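One structure below.
Please treat every number below as a calculation from the coordinates, not as lab data. Just so it is clear, the structure is predicted and the values come from calculations on it, not from any experiment. Every residue, glycine as well, gets a Cβ built from its backbone with ideal geometry; the counts of neighbours run over all protein chains shown.
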DNA sequence: ACGATACGTTTCGCCCTGCGAAATCGCCGC
DNA sequence: GCGGCGATTTCGCAGGGCGAAACGTATCGT
């Protein structure tokens with residue numbers, strides 16, 4: 001319930017987050033998150049993508065947004081809304097001057113995003129627009145769904161959280177809250193590719209992905225000489241996985257204690273939609289810092305709750321993403337906004 | 001087989017069509033489509049969206065494409081391809097100067113299409129990009145799939161073809177080849193909303209749409225006092241529909257002969273994907289021009305063939321449109337192009 | 001630890017591109 | 001064949017966009 005309400009709301013997600021950036025940074029620096037007179041110019045601490053520091057501060061923008069680009073996107077959005085769009089209709093919704101609208105439409109047509117002719121009497125978008133969207137499903141969506149809950153979890157339990165997705169024969173870590181964890185043990189883990197066999201994330205993935213996929217992956221591991229994946233190893237691994245699955249929906253995987261860093265452990269859960277594992281989420285912590293009997297309460301329970309929130313978000317985003325081509329409303333109207341009646 | 005091979009190819013569809021524009025226009029004017037020395041300047045006949053003339057001629061562009069817009073879209077496309085994109089990676093694929101890339105990214109971020117932070121170390125697209133795509137499914141896609149085959153059909157049988165989609169309690173005509181038919185009987189039918197009960201398109205839709213949808217629509221017609229839809233009418237209509245369905249997949253609907261224009265008739269088929277009717281296609285012709293015994297060969301057969309082509313295209317486009325979030329390849333790689341190894 | 005190196009970001013002044021009011025053009029309906 | 005509507009084009013001005021070069025801030029190797 002505290003998650004996202006509606007795909008539309010997602011546009012605000014990062015704004016919400018941005019608003020939280022200050023406190024994130026404060027947290028990182030151990031300062032109490034006291035309010036500071038907002039008029040006083042903050043110490044101009046730019047944050048770059050390659051900075052280990054917290055969030056990017058949304059204030060300072062060296063470049064003002066490029067006007068023509070904003071307008072073009074506005075026009076493209078309008079054509080999407082209108083389905084079959086006339087210049088006047090676009091003008092009515094965007095209030096841009098008509099020459100500008102035509103200029104943008106010409107530009108969009110030149111790149112093939114929009115088509116026009118009198119057989120349908122207006123402008124429409126073409127399948128080319130998918131090029132502008134294709135990359136969203138997958139890691140981008142997972143991050144969008146995970147960002148807020150993962151940050152909250154880190155603020156709560158202090159240990160860094162990671163998110164990873166399947167990438168070939170390994171997990172690829174794509175998100176990591178080490179920047180706001182007081183106890184991050186390393187600079188970054190972004191881009192690392194923990195093993196499917198011995199890492200917590202890999203095990204969580206393999207345990208909960210659909211059987212068909214699991215078999216295909218195992219077959220690949222078997223065939224690839226890079227992996228020492230003999231019959232015994234496979235049998236042991238399969239048993240590990242089935243034991244994991246038998247713990248039910250709330251199960252979590254643990255990193256093979258024989259892997260580095262040995263003074264830490266990692267604990268992972270799958271992030272699922274339907275029966276697929278879209279990604280996995282993990283927490284890493286010093287073994288000595290969390291006594292064994294406290295792990296359930298201090299780690300597993302919060303992580304499970306975070307997982308639930310993320311999966312809720314994912315479900316909403318998936319629904320919004322793969323919008324059904326024909327709405328199932330009462331009697332759908334709006335495919336044809338041109339209708340004269 | 002002669003249809004579209006691959007969603008990617010669709011970008012060329014309109015170019016292919018555009019190349020055909022000249023002959024379309026020639027056809028319209030009854031001139032033999034003789035080649036004219038291409039150096040000789042054609043009579044500068046601009047074609048506008050609201051023109052009844054054939055296709056828009058792709059040559060003349062009063063405005064050159066807006067550079068910054070093209071670049072911004074290029075950057076957005078690159079971010080989509082890269083999933084998590086660094087400035088350098090974008091630079092490598094686009095060869096745009098880095099300041100330009102950053103300027104565009106800032107602009108895209110200002111509009112919320114792109115997000116950035118160091119927790120995932122780069123830029124990614126957000127769910128907001130759906131605003132740039134949303135309008136494609138539905139009529140835009142149907143037209144994209146139908147345009148070429150419908151035009152070919154018109155050139156072959158000469159009678160005008162119409163494409164319509166469900167719009168509330170009627171069909172809305174969204175595409176019409178009257179502009180290139182020598183025997184178009186009226187200026188335009190775009191935007192007209194033929195009845196579900198008595199029009200050929202409406203009947204074709206109702207006959208072949210999923211039962212659940214049909215019942216819902218019939219219930220709405222029953223409840224809406226605007227329609228005189230008494231029990232007897234409904235019974236007759238249901239019988240008509242079931243008789244239509246019983247003719248199998250190749251069935252076609254005919255316009256109620258009591259509706260105007262009475263000297264013509266209209267004949268329609270559904271355009272289906274899976275078990276849904278995405279649109280309907282129709283031909284209208286003078287009753288006296290096509291003797292009853294010739295209708296099957298001169299109208300139904302060519303229309304059926306066209307329908308098949310369009311449905312093939314639709315299937316390809318639908319597949320490309322609703323791309324599965326996780327590819328089912330051997331072992332999918334590429335969700336994470338950042339992987340260092 | 002400390003430079004070396006790589007990468008992200010910003011500055012700044014020139015110049016050209018994009019702007020939009022107004023004019024033009026083509027269709028439609030009368 | 002005229003008037004009105006909507007699409008498209010013209011054209012001269014000026015502000016927006018451009019990118020080489022400079023500048024911080026990280027990471028990496030030793």
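Simple spin-label estimate for residue A:98 and residue A:250 gives 6.6 nm between the two label positions (7 Å along the Cα-to-Cβ direction from each Cα).
Protection proxy ranking, highest mean first, for peptides B:273-284, A:214-225, A:279-290: B:273-284, A:279-290, A:214-225, where packing is the per-residue count of other beta-carbon atoms within 10 Å, averaged. The mean number of partner chain beta-carbon atoms within 10 angstrom of a residue's beta-carbon across peptide B:70-81 is 5. Residues A:212, A:305, arranged from fewest to most other Cβ atoms within 10 angstrom of their Cβ, appear as A:212, A:305. Note on residue A:187 and residue A:62: with the Förster distance fixed at 25 Å, the Cβ-Cβ geometry gives a FRET efficiency of about 0.40. Counted by neighbouring Cβ atoms within 10 Å, the residues B:146, B:181 run from fewest to most as B:181, B:146.
Kindly put B:292, B:76 in sequence by how many other C-beta atoms sit within 10 Å of each C-beta, fewest to most. List each step's numbers first, then the result.
Working: B:292 7, B:76 26.
The order, fewest Cβ neighbours first, is B:292, B:76.
Shortest first, residue B:228 label-point distances to identical copies amount to 8.7 nm, with the label point at 7 Å from Cα along Cα→Cβ.
Mean partner shielding of peptide B:95-104, defined as the number of other chain Cβ atoms within 10 Å of each residue Cβ, is 2.
Take each residue of peptide B:191-197, count the partner chain Cβ atoms within 10 Å of its Cβ, and average: the result is 2.
Note on residue B:211 and residue A:88: the model spin-label points, each 7 Å out from Cα along the C-beta direction, lie 4.7 nm apart.
Summarising the label geometry, the points placed 7 Å from Cα in the beta-carbon direction at residue B:288 and residue A:262 lie 10.0 nm from one another.
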